[in-house]
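Chemist: Okay, here's the structure, questions in a sec.
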Amino acid sequence: MSTLLTDPHLKRRQIFLSLIKKRVKPGTGSSLIFLNKRTWNLPVTDIRQLIKDVPFAVVGGVATRLYMPERMTLDLDIIIPADRAQLAYQNLRDAGATKVSDLTIPGSQWNLPNGTSLDVLEVDEPWLETALKFPNYAPDGLPIIDLPYLILMKLNASRSQDLADISRMVGGATDTQLEKVRMMVAKHLPTATEDLESLIMLGKLEQQAN
């Protein structure tokens, strides 16, 4: 299988990183206290009350709260097993949610009864079962995808916000966490290993004093 098919955003990611590396300097103006602060202040819909028959984990911007400073995000993203998607959607309909549209990737967008926008991502990857079985947990008990899987997903997406999130998350990660991230990427997205090291370098530079 070609690199283009297995890592379709490789070129875009490399162009973005090459531009950033030309301009990067140590520090960001943000204090280390801020960079290393982890909070869960903004309310999040308890999806466990809506999807009761299918395992899921929170991903996307909400999930980053466990690994970097909290930022505002207007929607909620979760992953579910692709082969159980219809059951999850029936759970959502039974709970009063309304489907908005299909996504450009496998999955769909929903409006929840409280007005929250929910993106449901249907995943069929070899790592999914383990990721759903061993999540981290938010202070409110929601299952949050573990850091290595979140970074793998964001590398796959490779939007500018995803890459910025990766850099900040790995910048504050421990050596043990980074080793797990490296192993995950080497196994499931080997074309991104060099880019991951660049993002780690950028993240560590951000942590340096101004």
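Chemist: Can you name every residue in the stretch 79-106 that is within 16 Å of I47 (Cα to Cα) and within 17 Å of the chain's Cα centre (by Cα)?
Modeler: Of everything in the stretch 79-106, those that are within 16 Å of I47 (Cα to Cα) and within 17 Å of the chain's Cα centre (by Cα) turn out to be I79, I80, P81.
Chemist: Okay, moving on. Cβ-Cβ below 7 Å, separation at least six or inter-chain, first residue in the stretch 149-167 and among the aromatic types (F, W, Y), second crowded, with 22+ Cβ neighbours inside 10 Å: which pairs?
Modeler: Listed pairs, sorted by first residue: Y149/A131.
Chemist: Also, I was wondering about something else. Go over the candidates Q208, Q177 one by one and state the one that is surrounded by fewer than 17 Cβ atoms within 10 Å (Cβ to Cβ), touching a residue at least 12 places away in the same chain (Cβ under 8 Å) and more than 24 Å from R84 (Cα to Cα).
Modeler: It is Q208.
Chemist: Take the residues of the stretch 115-129 that are surrounded by fewer than 11 Cβ atoms within 10 Å (Cβ to Cβ) and not small (G, A, S): which is farthest from Q49 (Cα to Cα)?
Modeler: Within the stretch 115-129, the subset surrounded by fewer than 11 Cβ atoms within 10 Å (Cβ to Cβ) is 115, 124, 126.
Retained after the next criterion (residues that are not small (G, A, S)): 124, 126.
On the way: D124: 24, P126: 27 Å.
Here the answer is P126.
Chemist: A follow-up question, please. Just give me the residues in the stretch 166-186 being within 23 Å of R71 (Cβ to Cβ) and assigned to a helix (DSSP H, G or I), in sequence order. First the steps, then the outcome.
Modeler: From the stretch 166-186, those within 23 Å of R71 (Cβ to Cβ) are 166-174, 177-178, 181; that's our starting set.
Once the filter is applied, which keeps residues that are within 23 Å of R71 (Cβ to Cβ) and assigned to a helix (DSSP H, G or I), the stretch 166-186 yields I166, S167, R168, M169, V170, G171, Q177, L178, V181.
Chemist: For residues that are without any contact (Cβ under 8 Å) to a residue 40 or more places away in the chain and charged (D, E, K, R), scanning just the stretch 91-127, find the one that is farthest from D75 (Cα to Cα). Before you say what the answer is, go through the steps one by one.
Modeler: Looking only at the stretch 91-127, we keep the residues that are without any contact (Cβ under 8 Å) to a residue 40 or more places away in the chain, and these are 93-94, 96, 98-111, 113, 115.
Going one step further and asking which of them are charged (D, E, K, R), we end up with 93-94, 99, 102.
Working: R93: 18, D94: 21, K99: 14, D102: 15 Å.
Among them, the one singled out is D94.
Chemist: Let me ask you something else. Among A88, A82, A57, which is under 20 Å from Y149 (Cβ atoms) and touching a Leu at 6+ places or on another chain (Cβ under 6 Å)?
Modeler: The match here is A57.
Chemist: While we're here: Could you say whether any residue in the stretch 98-108 is in the same structural domain as L76 (by TED's automatic domain parsing), surrounded by 15 or more Cβ atoms within 10 Å (Cβ to Cβ), of a type outside the set (D, E, K, R) and farther than 20 Å from R13 by Cβ?
Modeler: Looking for residues that are in the same structural domain as L76 (by TED's automatic domain parsing), surrounded by 15 or more Cβ atoms within 10 Å (Cβ to Cβ), of a type outside the set (D, E, K, R) and farther than 20 Å from R13 by Cβ, one finds at least one in the stretch 98-108, hence yes.
Chemist: Being among the polar types (S, T, N, Q) and surrounded by 15 or more Cβ atoms within 10 Å (Cβ to Cβ) is the filter; apply it to the stretch 180-205 and report the residue that is nearest to A63 (Cα to Cα). It would help to see each step written out before you state the result.
Modeler: Taking the stretch 180-205 first, the residues among the polar types (S, T, N, Q) are 191, 193, 198.
Pick out the ones that are also surrounded by 15 or more Cβ atoms within 10 Å (Cβ to Cβ) and you get 191, 198.
Working: T191: 24, S198: 22 Å.
Looking at the filtered set, the residue picked out is S198.
Chemist: Quick one: which of L163, L152, L87 is hydrophobic (A, V, I, L, M, F, W, C) and touching a His at 6+ places or on another chain (Cβ under 7 Å)?
Modeler: Values: L163 fails: touching a His at 6+ places or on another chain (Cβ under 7 Å); L87 fails: touching a His at 6+ places or on another chain (Cβ under 7 Å).
Result: L152 is the single residue among L163, L152, L87 that is hydrophobic (A, V, I, L, M, F, W, C) and touching a His at 6+ places or on another chain (Cβ under 7 Å).
Chemist: Without any contact (Cβ under 8 Å) to a residue 12 or more places away in the chain and either on the phi < 0 side of the Ramachandran plot or hydroxyl-bearing (S, T, Y) (or both): is that true of T130 in this structure?
Modeler: Details: without any contact (Cβ under 8 Å) to a residue 12 or more places away in the chain: yes; either on the phi < 0 side of the Ramachandran plot or hydroxyl-bearing (S, T, Y) (or both): yes.
Yes: the conditions hold for T130.
Chemist: Sticking with this structure for a sec: If we keep just the residues of the stretch 11-47 that are more than 23 Å from L205 (Cβ to Cβ) and among the hydrophobic types (A, V, I, L, M, F, W, C), which is modelled with the lowest pLDDT?
Modeler: This residue is W40.
The values are calculated or read from the model by the stated rules, or taken from the named source; none is laboratory data. Everything numeric in this text was worked out from a predicted model, so none of it was measured. FYI the Cβ positions are ideal-geometry reconstructions off the backbone, even for glycines, and counts take in every protein chain you see.
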